[in-house]
1. What do you reckon, is F29 over 24 Å from G129 (Cβ atoms), touching a residue at least 40 places away in the same chain (Cβ under 8 Å), within 16 Å of the chain's Cα centre (by Cα) and surrounded by 14 or more Cβ atoms within 10 Å (Cβ to Cβ)?
2. Need a quick list: helices (runs of 4 or more DSSP H) entirely within the stretch 18-92 having at least 2 residues that are acidic (D, E) and at pLDDT 90 or above.
3. Looking at the stretch 192-210, which of its residues are of a type outside the set (F, W, Y) and either modelled with pLDDT of 85 or more or touching a strand residue (DSSP E or B) at 6+ places or on another chain (Cβ under 7 Å) (or both)?
4. Considering each residue of the stretch 145-171, count those that are over 12 Å from the mean Cα position of the chain (by Cα), assigned to a loop (DSSP other than H, G, I, E, B) and more than 13 Å from W124 (Cβ to Cβ), and give that number.
5. Tell me whether the stretch 173-192 contains one or more residues that are of a type in the set (S, T, N, Q) and not in a loop (DSSP other than H, G, I, E, B).
6. Of all residues in the stretch 33-71, count the ones that are in contact with a helix residue (DSSP H, G or I) (Cβ under 6 Å, 6 or more places away or on another chain) and among the small types (G, A, S).
7. Given the condition among the charged types (D, E, K, R), without any contact (Cβ under 8 Å) to a residue 60 or more places away in the chain and over 18 Å from T24 (Cβ atoms), answer yes or no: does some residue in the stretch 234-244 qualify?
Amino acid sequence: MASKWAKTFDPAIHSKEPFTISRTKVDMFTECPRCSYLDLRLGVKRPSMPSFTLNNAVDELFKREFDIHRAAATTHPLMKSYGIDAVPFQDERMDEWRDALRRGIKTHHMESNLILRGGIDDAWVTPDGELIIVDYKATSKKEGPKSEDDLYDSYKKQMEVYQWLFRQNGFKVSSTGYFVYANGNSDKEAFDAKLEFEINLIPYTGNDSWVAPTLVRMHTTLMSDEIPEVGISFGGGPCEHCVYRENAGKILLKIHKEGKKKS
């Protein structure tokens with residue numbers, strides 16, 4: 001019997017045994033079902049992206065800063081300045097929920113038989129016990145994000161998946177989550193071994209009604225032997241990963257055929 005943590009989906013096994021996916025795998029499926037199928041069913045992954053270590057450092061520092069207020073059950077000054085009546089949520093599972101690579105917060109969606117997990121950055125709680133899901137973001141733009149309209153669709157989906165996961169775990173969750181957005185200031189005259197950030201708190205009202213149906217479609221797609229059509233990229237054109245694979249495959253096949261003729 002295969003482990004539920006298997007890396008590739010086997011229809012003979014996972015028609016009955018649950019299969020675990022991360023939030024980023026759901027994101028990929030919504031971007032391009034073909035890439036998702038190649039990854040989860042056939043084990044052909046997309047090329048990995050470079051690690052944004054500066055962003056990771058900002059995330060870690062945010063977590064430490066909010067953890068000080070979590071331990072003291074006090075409201076962070078940023079929350080006060082935006083009029084948010086809440087404190088960082090205290091729970092012994094917080095470190096587990098933040099561990100996106102190994103644990104995270106998860107639920108077994110019975111209809112799709114998929115176990116979905118995701119690693120949050122933070123959660124705040126209001127006086128009436130309602131959780132507010134929070135995500136930290138860092139960038140460096142001349143004009144940093146200020147409102148919901150400035151957020152990438154992938155960020156919005158990310159928030160909605162986290163909200164859905166906490167609801168599935170029995171928590172009362174606010175539909176409004178927040179992005180703590182740090183925008184690096186590059187207009188200074190000199191670096192002086194420090195980078196200054198403008199911090200904005202951007203509210204986003206999520207709608208997680210798409211999550212469960214997407215999991216069902218994912219399972220149906222993975223059970224099929226038919227490779228899905230190419231997805232549409234955020235720019236409106238065909239998935240750039242699929243275009244690359246197709247063009248590279250054609251050229252390699254042509255070279256292979258010409259080589260066989262010469263031999």
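The values are calculated or read from the model by the stated rules, or taken from the named source; none is laboratory data. Since the model is a prediction, treat every value here as computed from it, not as a measurement. Don't worry about glycine lacking a Cβ; one is built from the backbone with ideal geometry, like all the others, and counts go over all protein chains shown.
1. Yes: the conditions hold for F29.
2. Where helices (runs of 4 or more DSSP H) fall fully within the stretch 18-92 and carry at least 2 residues being acidic (D, E) and at pLDDT 90 or above, they are 23-31, 53-72.
3. Those that are of a type outside the set (F, W, Y) and either modelled with pLDDT of 85 or more or touching a strand residue (DSSP E or B) at 6+ places or on another chain (Cβ under 7 Å) (or both): L195, E198, I199, N200, L201, I202, P203, T205, G206, N207, D208, S209.
4. Total satisfying the criteria: 6.
5. Checked the stretch 173-192: at least one residue is of a type in the set (S, T, N, Q) and not in a loop (DSSP other than H, G, I, E, B).
6. Residues flagged as in contact with a helix residue (DSSP H, G or I) (Cβ under 6 Å, 6 or more places away or on another chain) and among the small types (G, A, S) within the stretch 33-71 amount to 1.
7. no
Each row is one residue, and each column tells you yes or no for (1) touching a Cys at 6+ places or on another chain (Cβ under 8 Å); (2) part of a helix (DSSP H, G or I); (3) at pLDDT below 85; (4) not hydroxyl-bearing (S, T, Y).
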site: L222; (1), (2), (3), (4): no, yes, no, yes
site: D225; (1), (2), (3), (4): no, no, no, yes
site: G236; (1), (2), (3), (4): no, no, yes, yes
site: H241; (1), (2), (3), (4): yes, yes, no, yes
site: K260; (1), (2), (3), (4): no, yes, yes, yes
